[in-house]
Amino acid sequence: MLLKSLSELNGTSGAENLVRNFLRQTIEPFVDIISTDKMGNLIGMKNDSLSGPKVMLAAHMDEVALMIIDITGEGFLKFRPVGGIDARILVSKPVQINNSCVGVIGAKAIHLQKHTERQNALSCDQLYIDIGAKSKEDASSKVKLGDYAYFTTEFEPFGDGLYKGKALDGRVGCAILAELLKNDYDFPLIAGFTVQEEVGLRGAKVAAHHLAPDFAIILEASVADDMSEGAEDGWITELGNGPACSLMDRSTLYSAKLIQWVTSVARQNGIPLQFRRGSGGGNDAGSIHISNVGIPTICLNVPCRYIHSFASVISEKDYRDCYDLVNALLKELPNFFEGSSINFAKEDKS
Amino acid sequence: MDMDFRILEQLTQIFGPSGSEEQVAEFISAQISPYCDEVISDTLGNLLAVRHGTGKKIMVAAHMDEIGLMITHIDKEGFLRFTPLGGVRTANLVGQRVKFNTGRIGTIGVEKLAKPSDFKLDKLYIDIGAVSQNEAEQIVHLGETAVFVGDFVEVGSRIMAKALDDRVGCFVVIEALKRSKSTNELVFAFTAQEEIGTRGAKTAAYALEPDLAIAVDVTATGDTPKDHTMSVKLGSGVGIKVLDRSLITPPQIKRWMAGVAAERNIPFQWEVLEYGGTDSGAIHLSRGGVPSGVISIPTRYVHSPAEMVDRSDVQAAVDLLVSLLEHPPD
C-alpha cells in the first residue's frame, strides 16, 4: 500500500532522498517528464505541450525528526528537533538512525526522580539517545554529527477505518498526489513533491518560482483536535468529516472566490467538506501564493490527530474523500478558468 | 490646492479587510483612471496603475486593506467565534461594533471570567442578533470577514475614523497622482494583504520591477499621555521613515526625501518605528533589490476604530510626494 510505504520511509528536511527515490519510481510511468531541482524538489509533468492553465499540485516529502548534534563522553547522543516537535512526547521512544542503528530516547526513571523533577516536563537539553554504545569512540563509529534519528512507528489500520503511522503530515499529500497522476486531465499538470517544508516552506518557494504555475493546490494533513477537552470551536478539523479546506493560516489568506468554488464542487459531487477553522500553522501555500506575480492557491487537508508525533492518526474515508475532491476539482478546473474573474494573467516575459 | 477630504471619508468607510479589497480597488480605480495610461488588478488583489514617462521607473505603494476579524465557528445559539486578521488588539474589542460585507452589524461580547487575567481572544464572541445557529448560518458563513464600525468624524484640525491605516495613504497617493506633473515613468500599487505580512506588495513589486519605490503608510506617535517614547507628533509634519522592523531606509533615499522637503518648506519629522513594518519592507527585497523609502503619516490609536490624523500632516504628505515624483534622485 502506497501510504504505508511512504509513511515508513525516513526522510526529514534536507534528507528526503529515500522518499524522493520511491516517489520517482512510483510516478515515472504516469508522467511525461520527471526531474529533481537544485533544492531537491521532485517535479513530474504531464501534458506539458497542451495549452490551458498550468496547474501545480504540491505535497511535501519531509517529516519532522531529530538531528544528532553531539556525542557525549559516555557515548550518548545529544540532539535537536528538525521541524516542530514537542519535546514532551520524546521520552523513552525508540528511534532509528542511518536506517540501521537503533536507539532509545533516555531519561531518568521515575523511581529516581525527585518530587520537583516530576513536576516539569523534560526539555531536549535533558534528553539523549542511547544507542547502546560503550564509549564516545564506539558511538562515533556508528553515528556522526548531523545524522538524523527517526521515529520507528509501523503504519497500520486500526479501529473503525483509521490509520496510524509516522510522517503522515506530508506523506498523506504525497500519496494522494501520486495516485492522482494515474488519471488523465486535459491541461498541463505539474506534480511538485517539495523539500524542507517543515523548516520554513523552503523547497516550495524555489519550485513555484521556476515552475511558474497558473494555479496551485496544496495537499496536506492538518491538525484535528476533535478529541480534546476544549470546546468544539477550537477543534480546527474533525476526523471523519471529509477533507478540510483552509480559510486562513499564518502564511496564507485563501481567496474567498476559490473557497466558494471548492465548496460548490464538493456539494455537486456529494463529497463531504469541512473548513480548517484555526488561523495558526502554515504550509507550502505560504511560499507559493506570493511567488512571482502571485499564484492563486488553495489548500486541502486530511484531518490528522497527534500530528508531528510518534504516531499520527487519520481516517481512511477522509483520505479517499480528499482524493475524490481534488479529482473532481481538476475535472472542473478548465470550466472554472473560462468563467472565472480571478486574474490568471501570465507574467510578461518580454 | 485644497484637498477634497470627502474622498478620504468615503475611502475610510469602504469595507476592505485583508483578502477582500475589491470594493476599495473599484473606488480607487474610478478616481485614478483618468490620470493613468493603464490600470489592472492582479492575482493577489492589488490594483496596479501605470503612467508612462521617461527616466527612472518610480513605484508608489499604499495598502488598501484594513485589519478585521474572520469567523471560525458558529455555535448552537448563533454566536460567532473569530480569529484576528492583522494586528487586532484584544483589549480593544469588547463592546465594539463590527460590520460584515453584507452590511450586517454585530457586537463583541465576552464570557464570564473567573479572574481578569483570563481575558483572552478565545473568550470573546460576536453577537449578530441571531436567535439560532440556523439563522446565524443564513447571515454569515465560516471564513467570512468583518471590520470595525468607526465613523469618519472631523474634530478641530483632526480627523478620526476606522481604517485611516491605510486609506489615508491611498488618499495621499490619489491626490498626488492627480496633481503630479512628473515626467518619469510612474507605477502605482494600491496593495492587498499588507496587514497580514505585506504579501500584496511582494507580487506587485515583482510585476512592476521599479528602479526605486516609496510607500505611503501611517505610523505611530509618542504624543499621548504617558505614551511610549517615540519622537513623532501629530501635526508636526509628515514622517520620513528611518527604520522599522521591515526596512532600514538607505542613506541616499533619506537624503533625497529630506532634501526635497527642506527645499520646498514642507514640514517633516524623522520617524523611527521600533515595531511593525510596511510595504517597502517587501518591495526593497524584490528581485535584485529596490532602493525604497516611506512617507509616514503620524496616526494615533492605530488599529482601533478611531484612528486619528492631523489634516496638516496629510497635506504635507501630499506636497512631499508630489515634489519627490517631480525631482527623482540622480
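The values are calculated or read from the model by the stated rules, or taken from the named source; none is laboratory data. Since this is a predicted model, take the numbers as computed values, not measurements. Neighbour counts run over all protein chains shown; Cβ positions are idealised from the backbone, glycine included.
State which residue is surrounded by the most Cβ atoms within 10 Å (Cβ to Cβ) when the search covers only the range B:256-295 and only residues that are closer than 20 Å to B:Ser236 by Cβ, of a type in the set (Gly, Ala, Ser) and in contact with a helix residue (DSSP H, G or I) (Cβ under 8 Å, 6 or more places away or on another chain).
So, considering only residues that are closer than 20 Å to B:Ser236 by Cβ, of a type in the set (Gly, Ala, Ser) and in contact with a helix residue (DSSP H, G or I) (Cβ under 8 Å, 6 or more places away or on another chain), the one surrounded by the most Cβ atoms within 10 Å (Cβ to Cβ) is B:Gly293.
In the list B:Thr203, B:Thr249, which residue meets the criterion of being in contact with a Lys or Arg (Cβ under 6 Å, 6 or more places away or on another chain), in the same structural domain as B:Ser312 (by TED's automatic domain parsing) and farther than 21 Å from B:Gln315 by Cα?
B:Thr249
Go through (1) over 20 Å from B:Tyr206 (Cα atoms); (2) assigned by TED's automatic domain parsing to the domain that holds B:Ser180; (3) part of a loop (DSSP other than H, G, I, E, B) for B:Gly45 and report which single condition fails.
(1)
Taking the condition of being β-branched (Val, Ile, Thr) and without any contact (Cβ under 8 Å) to a residue 60 or more places away in the chain, how many residues in the range A:237-276 meet it?
Final tally of qualifying residues: 4.
Restricting attention to the range A:17-33, which residues are crowded, with 16+ Cβ neighbours inside 10 Å and among the aliphatic types (A, V, I, L, M)?
A:Val19, A:Leu23, A:Ile27, A:Val31
What number of residues within the range B:90-129 are within 16 Å of B:Val140 (Cβ to Cβ), in a loop (DSSP other than H, G, I, E, B), touching a residue at least 12 places away in the same chain (Cβ under 8 Å) and within 23 Å of the chain's Cα centre (by Cα)?
Residues in the range B:90-129 being within 16 Å of B:Val140 (Cβ to Cβ), in a loop (DSSP other than H, G, I, E, B), touching a residue at least 12 places away in the same chain (Cβ under 8 Å) and within 23 Å of the chain's Cα centre (by Cα): 2 in total.
Wholly within the range A:180-263, which strands (runs of 3 or more DSSP E) include no fewer than the required count, namely at least 3 residues that are at pLDDT 95 or above, away from every other protein chain (no Cβ under 14 Å) and in contact with a strand residue (DSSP E or B) (Cβ under 7 Å, 6 or more places away or on another chain)?
A:189-194, A:215-223
I'd like the full set of residues that are more than 10 Å from chain A (Cβ to nearest Cβ), of a type in the set (Gly, Ala, Ser) and in a loop (DSSP other than H, G, I, E, B), limited to the range B:182-223.
Correct list: B:Ser182, B:Ala220, B:Gly222.
Which condition number in (1) of a type outside the set (D, E, K, R); (2) at pLDDT 95 or above; (3) surrounded by fewer than 18 Cβ atoms within 10 Å (Cβ to Cβ) is the one that A:Ser51 fails?
If we test A:Ser51 against (1) of a type outside the set (D, E, K, R); (2) at pLDDT 95 or above; (3) surrounded by fewer than 18 Cβ atoms within 10 Å (Cβ to Cβ), just (2) comes out false.
Among B:Gly87, B:Gly68, which is the only one that is among the small types (Gly, Ala, Ser), in contact (Cβ under 8 Å) with a residue 60 or more places away in the chain and crowded, with 23+ Cβ neighbours inside 10 Å?
It is B:Gly68.
Which one is surrounded by the fewest Cβ atoms within 10 Å (Cβ to Cβ) among residues in the range B:30-65 that are away from chain A (no Cβ under 14 Å) and of a type in the set (Ser, Thr, Tyr)?
This residue is B:Thr54.
Report, by residue number, each residue of the range B:215-272 that is without any contact (Cβ under 8 Å) to a residue 60 or more places away in the chain and on the phi > 0 side of the Ramachandran plot.
Residues satisfying the conditions are B:Lys226, B:Asn265.
With the requirement that a residue be facing chain B (nearest Cβ under 10 Å), polar (S, T, N, Q) and more than 28 Å from A:Leu162 (Cβ to Cβ), what does the range A:264-295 give you?
Result: A:Ser291, A:Asn292.
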